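Notes for the one structure printed next.
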DNA sequence: CGTCCCACCTGATTGC
DNA sequence: TGCAATCAGGTGGGAC
């Protein structure tokens, strides 16, 4: 999936294109797995609602809606391959499209917000209470809270970074990239990391995420932002998907191992 | 409860 | 060329 930087890029792009518009009609596919809230309830909640704001919480895109003084949120989790496209109605509908919202009210005529998801790991839902997400935001958590979060855990640090109930928004790319930049091996037990190492990790994580947001995220395969334009952070990857290639710092071949079922890339010389 | 592992899907790429 | 194996940015649930 798009991780935090990609989701932020997409949410901002969609906000710019559709905020202030009103949803006139909704079409959904009949694939039940996609809909955490049943599709007819989603359609009922969206139809006639105005889009006040599109933002993100963790890896979830949150669409703030209002209708007759009542507020709701439309939650979009992109899974691994989910895409959110703003199109004109005459644009051909891509395969694996699962929801189409028809929007009126802005300049440039009728627009459609389309949710497309080949692997169907994405999820759509409606909530009436403000969505907060399961964990802490990596960009704003304090150093002390960051240290407390990982206190006394036994899992490898890589697995802990991917655990969304601790930090939300970090995925496989930015876990590997931040561990490389902090010089920490992905298998290290979290509880055994020093305060200094956790401090380096937090700094590296914030830097790598901020830098990725500036570049519009990473687009390795099928992530595309709301404009259909790709991000450029993949050019900055130092270990992710570079198995066997020389480390950009020391030349040692990058290794790939599996932690928690996820491919994990690191430099055995630069990371201790 | 914490941790591990697999299932959920399709598509691109690699290797025989 | 064809076909099978492997890999992919994520999560949730069951087993232990």
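The values are calculated or read from the model by the stated rules, or taken from the named source; none is laboratory data. Quick caveat: nothing in here was measured; it's all calculated off a predicted structure. All Cβ positions, even for glycine, are placed from backbone atoms using ideal geometry, and neighbour counts span all protein chains on display.
List of remarks:
- Subset of the stretch A:146-179 (residues that are within 12 Å of DNA strand C (Cβ to nearest atom) and over 16 Å from residue A:204 (Cβ atoms)): A:159, A:163, A:164, A:165, A:166, A:168
- Residue in the stretch A:186-199 that is more than 10 Å from DNA strand C (Cβ to nearest atom), within 29 Å of residue A:76 (Cβ to Cβ), surrounded by 22 or more Cβ atoms within 10 Å (Cβ to Cβ) and in contact (Cβ under 8 Å) with a residue 60 or more places away in the chain present: no
- Residue in the stretch A:35-47 that is assigned to a strand (DSSP E or B), within 27 Å of residue A:163 (Cβ to Cβ) and modelled with pLDDT of 95 or more present: yes
- Residue that is farthest from residue A:37 (Cα to Cα) [pool: residues in the stretch A:79-110 that are touching a helix residue (DSSP H, G or I) at 6+ places or on another chain (Cβ under 7 Å) and at pLDDT 95 or above]: A:103
- The listed residues are A:47, A:37, and the only one of them that is in contact (Cβ under 8 Å) with a residue 12 or more places away in the chain and over 27 Å from residue A:169 (Cα atoms) turns out to be A:47.
- Residue A:182 vs. criteria out of contact with any strand residue (DSSP E or B) (no Cβ under 7 Å at 6 or more places or on another chain), away from DNA strand B (no atom under 16 Å from the Cβ) and over 25 Å from residue A:81 (Cα atoms): yes
- Sole residue being touching a strand residue (DSSP E or B) at 6+ places or on another chain (Cβ under 6 Å) and more than 16 Å from DNA strand C (Cβ to nearest atom), chosen from A:143, A:75, A:124, A:65: A:65
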